[in-house]
Amino acid sequence: MTRLMLVLALCMAGAVQAAGQSVEPAVFRALNSAQSAQQQGDYAAARRALDAVQAVPGSLEQALLWRSRGYLAWAEGHNAKAIDWLEQAVASGQLDAELVANEQLNLARLNLLERRYARVVALLAPQQASADEERLQMLVQAYQGLGQPARALPLAERYVRAQPQAADSWLQFLVAVNADLKRYPVAERWQRQLLARQPDRTQGWRQLAVLQQLGGDHGKALATLRAAYRKGLRFNARELDNLVLLAGGARQPWQGAKLLAGMLEQGLLPRTAARDERLGQLWWQARERAQAAAIFRELAGRSGRAQHWLNLAQLELEQAHWQAGLQALAKAERAGAERRRVRAWRQWAESELDAERDKRLASAG
């Protein structure tokens with residue numbers, strides 16, 4: 001029987017169509033039977049149909065049988081086997097360019113499922129200049145999987161610029177990766193685009209404020225929170241407290257203190273003793289001792305707690321305010337502060353006072 005001219009292409013379900021290449025009739029019938037059985041979910045029958053024929057080594061028929069076995073394995077959930085069969089089909093050199101391109105795309109999908117990220121990159125990167133959305137998404141995922149998000153950024157940026165209506169997930173990716181790379185102004189720019197799409201989403205405003213705070217600009221973060229507040233959006237206290245804690249965790253106590261002070265002054269957060277204490281600690285960490293002392297002086301006067309008086313004493317002594325420090329130590333002691341600590345601070349303060357007195361006497365003599 002003469003060879004038949006057929007068009008063959010397997011989609012994910014393994015369909016057979018004409019591809020402008022001639023195939024032996026027996027192999028064609030086996031491929032058709034396997035396709036029909038696979039579509040009905042009878043994978044055993046599909047396998048029997050493929051096993052019933054033999055192909056000449058190095059022939060187109062052999063490549064098509066490998067390809068069909070690959071799709072059958074994929075349908076059965078055996079991704080690794082499917083990859084092996086499809087790789088053999090592509091490597092055979094028997095498939096035309098259209099089929100090779102199709103199989104390379106499917107191999108990329110399978111390798112991504114199996115977390116073989118380097119192989120996904122090898123398959124898709126050579127054509128990334130003309131890649132469509134799906135290919136770009138797979139490349140982005142693969143670079144992330146390889147721990148190379150910086151290589152994924154240009155691809156995502158290119159897609160978003162070319163597609164202004166790209167899904168929010170693309171913008172979210174650009175925000176997250178730029179933030180991870182500490183490129184906060186860039187992350188902020190993409191977050192603003194997200195916010196423009198969903199201006200009434202509280203989370204978007206909070207995320208923008210977080211990025212501005214991480215970027216070291218408490219003023220912008222506070223302005224963002226105020227703008228959201230004017231729009232009628234409300235943040236819960238925990239969200240705002242976490243924003244302040246974020247500054248401390250990022251070793252930006254001055255920024256955190258300014259942000260917290262602004263939120264308290266403008267009524268974005270209710271004033272409590274715990275928040276006042278946190279504000280005092282942040283000013284202290286930022287070495288703004290005068291402001292920290294003012295906070296703890298007020299706190300100690302209200303609470304009478306020994307720790308507040310002790311904190312005030314230490315802050316005064318660190319500024320060489322010896323008499324004020326000694327007075328605060330006395331109040332701390334009366335409030336029940338540990339005597340050993342009070343004694344140690346008092347001895348140091350008195351020795352410093354004596355040294356200053358001696359210096360003044362020497363200068364006068």
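The values are calculated or read from the model by the stated rules, or taken from the named source; none is laboratory data. In this text, all values refer to a predicted model and were calculated from it rather than measured experimentally. Neighbour counts run over all protein chains shown; Cβ positions are idealised from the backbone, glycine included.
Computed values, structure above
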read-out	value
Only listed residue being of a type outside the set (Val, Ile, Thr) and more than 32 Å from the chain's Cα centre (by Cα), chosen from LEU105, LEU60	LEU60
Any chance GLU316 is crowded, with 18+ Cβ neighbours inside 10 Å, over 41 Å from the mean Cα position of the chain (by Cα) and part of a helix (DSSP H, G or I)	yes
Complete set of residues in region 297-332 that are of a type in the set (Asp, Glu) and without any contact (Cβ under 8 Å) to a residue 24 or more places away in the chain	GLU298, GLU316
Filtered residues of region 319-365 (kept if surrounded by 15 or more Cβ atoms within 10 Å (Cβ to Cβ), among the hydrophobic types (A, V, I, L, M, F, W, C) and more than 21 Å from ILE295 (Cα to Cα))	ALA349, LEU353
Residue match in region 274-295 (condition: outside the structural domain of ARG226 (by TED's automatic domain parsing), farther than 23 Å from ARG251 by Cα and either within 41 Å of the chain's Cα centre (by Cα) or at pLDDT 95 or above (or both))	no
Count of residues meeting criterion [in contact with a Lys or Arg (Cβ under 7 Å, 6 or more places away or on another chain) and surrounded by fewer than 23 Cβ atoms within 10 Å (Cβ to Cβ)] in region 66-87	2
Selection status of GLU265, among the charged types (D, E, K, R) and farther than 30 Å from LEU195 by Cβ	no
Hey, ALA101 buried (at least 18 other Cβ atoms within 10 Å of the Cβ) and either farther than 30 Å from LEU146 by Cα or not basic (Lys, Arg) (or both) or not	no
Unmet requirement for PRO154, which otherwise passes all of (1) out of contact with any Phe, Trp or Tyr (no Cβ under 6 Å at 6 or more places or on another chain); (2) surrounded by 15 or more Cβ atoms within 10 Å (Cβ to Cβ); (3) at pLDDT 90 or above	(2)
Helices (runs of 4 or more DSSP H) lying entirely in region 205-269 (those with 1 or more residues that are aromatic (Phe, Trp, Tyr))	218-230, 253-265
Output for region 47-81, where each listed residue is closer than 14 Å to ARG109 by Cα and part of a loop (DSSP other than H, G, I, E, B)	GLY77, HIS78
Some residue of region 75-88 being under 30 Å from LEU136 (Cβ atoms), among the charged types (D, E, K, R) and either touching a residue at least 24 places away in the same chain (Cβ under 8 Å) or touching a His at 6+ places or on another chain (Cβ under 7 Å) (or both)	yes
Selection within region 174-191 - closer than 11 Å to LEU208 by Cα and surrounded by fewer than 19 Cβ atoms within 10 Å (Cβ to Cβ)	PRO185, ARG189
Hey, LEU222 within 16 Å of the chain's Cα centre (by Cα) and either crowded, with 18+ Cβ neighbours inside 10 Å or closer than 17 Å to PHE173 by Cβ (or both) or not	no
Count - residues of region 282-296 that are free of Cβ contacts under 8 Å to residues at least 24 places away in the same chain and assigned to a helix (DSSP H, G or I)	4
Residues being surrounded by fewer than 18 Cβ atoms within 10 Å (Cβ to Cβ) and in contact (Cβ under 8 Å) with a residue 12 or more places away in the chain - total across region 48-65	4
Qualifying positions in region 170-186 - out of contact with any helix residue (DSSP H, G or I) (no Cβ under 6 Å at 6 or more places or on another chain) and part of a helix (DSSP H, G or I)	GLN172, ALA176, ASP180, PRO185
So GLN137, is it free of Cβ contacts under 8 Å to residues at least 12 places away in the same chain and in a helix (DSSP H, G or I)	yes
Residue in region 295-303 that is in contact with an Asp or Glu (Cβ under 9 Å, 6 or more places away or on another chain), surrounded by fewer than 18 Cβ atoms within 10 Å (Cβ to Cβ) and closer than 29 Å to LEU233 by Cβ present	no
Selection status of GLU76, under 29 Å from SER22 (Cα atoms), of a type outside the set (A, V, I, L, M, F, W, C) and either assigned by TED's automatic domain parsing to the domain that holds SER36 or touching a helix residue (DSSP H, G or I) at 6+ places or on another chain (Cβ under 7 Å) (or both)	yes
